[in-house]
Amino acid sequence: MQQATKSAKKQFPSPARPSSSTALRQDAPSPANTPGTTDAIPPMRILIISDAWQPQINGVVRTYEHLSEHLTTKGHEVQVLGPRDFPHVPLPFYKEIELAIFPRRKLERMIAAFKPDHIHIAVEGPLGRAAQKICKKRALDYTTCYHSHFPDYVAKRCAWMGRKASGIIRNIVISDMRRFHARSKTVFVATQSLEDTLRSWGFTAPMTRLVRGVNADVFHTSSVPAHATPLETAAQIRNDFESAKQNTPIKTQQKNHPSSADTPALLPTLLYVGRVATEKNIRAFLDLPIKANKVIVGGGPDLETLKSAYPDVHFAGYQTGEALGDYYRAADVFVFPSKTDTFGMVLIEALACGTPIAAYNVTGPKDIIDTPLLGAVSDDLREAVEQVLKTKDHFTRQDRHDHIVAHYSWPAVADVFLNAISAKTVKTKSLRP
């Protein structure tokens with residue numbers, strides 16, 4: 001969750017040469033999945049239209065921040081348009097998300113002014129739908145990306161209506177998603193299991209595998225002394241994490257006479273980072289009957305409710321950059337309770353900091369956690385956490401970091417994107433073998 005700037009529209013001027021700070025680390029193994037060179041692709045003007053953009057902090061925003069940076073490094077001119085470039089209002093009951101209001105006319109003028117060589121429509125919101133209509137009117141090619149499982153998000157929020165009604169609504173949203181992406185030159189998808197799901201829903205557009213990268217300058221292992229426990233390290237790094245160290249174990253887990261092994265400083269630290277919202281299934285993590293210090297990093301519409309319901313949990317709010325990396329490094333296990341994500345950038349960030357993952361066996365985690373080195377997935381979240389706690393010391397943090405930077409590179413992601421948008425015929429391709 002890196003720091004978002006205040007600007008909604010961001011144009012990335014083409015630099016003379018790449019910055020070494022954004023290149024794949026030279027001491028990392030060469031990715032076996034690095035795509036073919038894009039040096040022969042002439043400079044392009046690329047317009048990215050996204051209903052999720054700064055100042056929001058989420059995986060979609062961070063994807064296009066990094067992608068734009070690396071496309072610019074490669075000599076292309078990139079402009080990103082978001083809701084704040086238009087009249088906009090906050091989404092009811094979810095004020096962090098803003099929606100553009102009647103953006104079509106202004107958007108059409110902005111497209112004409114920028115004269116893009118390629119248009120990428122990132123999200124299926126008001127801006128994305130306006131962009132589609134403009135592209136259809138002008139017979140312009142465009143690409144899309146399936147970032148979020150909106151059918152599952154909507155169904156979860158409509159659960160109060162009953163299983164049958166929420167299921168009908170889910171199917172309606174699936175049909176809408178299928179229509180939205182039908183005319184795309186290619187639909188970018190993060191994982192094989194996601195592509196399989198979309199195909200099972202009747203998606204017929206070409207698909208291109210586009211994973212995510214990780215910033216090894218921020219997400220690394222070097223801040224954790226080998227002799228320090230995670231909580232000792234966290235207390236040294238962050239004053240505000242001291243409150244977590246002082247918390248008593250979760251009340252339902254306390255013994256009448258707790259032993260020294262039950263004290264917070266000796267308990268494992270379980271961490272979640274991400275949006276604090278219903279669709280993230282965070283209660284499944286917080287309700288785990290495991291003696292541990294539980295830490296939540298992030299914000300969202302459910303934050304105050306969960307704070308009240310779980311007073312023994314440390315809620316750290318939004319964290320970015322090195323501070324976020326410190327939280328990853330201070331944890332014993334990163335717990336990912338979501339069942340509705342399409343990838344989960346926080347997973348590879350945690351792993352780059354050396355922290356293993358425990359998650360459900362669903363799209364995203366099951367595609368990333370493909371070796372015991374990285375953690376465990378299971379239909380039972382408690383089982384996954386307990387498995388990781390037992391085996392985490394079989395590997396080193398540096399082993400996990402090296403694996404991740406070898407397989408998840410932003411320059412390689414940018415190459416896949418460029419190859420796809422410049423190809424006359426798009427075929428499904430993968431960044432990973």
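The values are calculated or read from the model by the stated rules, or taken from the named source; none is laboratory data. Being a predicted model, the structure only gives us computed values, none of them experimental. Positions of Cβ are backbone-derived with ideal geometry, glycine not excepted, and every protein chain shown enters the neighbour counts.
For the stretch 223-324, the helices (runs of 4 or more DSSP H) that sit wholly inside it and include 3 or more residues that are farther than 30 Å from residue 342 by Cβ, assigned by TED's automatic domain parsing to the domain that holds residue 363 and at pLDDT below 95 are 230-237, 242-246. Answer yes or no as to whether residue 87 is surrounded by 19 or more Cβ atoms within 10 Å (Cβ to Cβ), on the phi < 0 side of the Ramachandran plot and of a type outside the set (Val, Ile, Thr). No; evaluated as a whole, the condition is false for this residue. Annotation: residue 202 fulfils all but one of (1) without any contact (Cβ under 8 Å) to a residue 60 or more places away in the chain; (2) surrounded by 20 or more Cβ atoms within 10 Å (Cβ to Cβ); (3) closer than 30 Å to residue 368 by Cα; the unmet one is (2). Regarding residue 147, is this residue of a type outside the set (Gly, Ala, Ser) and in contact with an Asp or Glu (Cβ under 8 Å, 6 or more places away or on another chain)? When the stated conditions are applied, residue 147 does not pass them. When the residues of the stretch 85-130 are narrowed to those that are in a loop (DSSP other than H, G, I, E, B) and farther than 14 Å from residue 49 by Cα, which ends up modelled with the lowest pLDDT? Among residues in the stretch 85-130 that are in a loop (DSSP other than H, G, I, E, B) and farther than 14 Å from residue 49 by Cα, the one modelled with the lowest pLDDT is 93.
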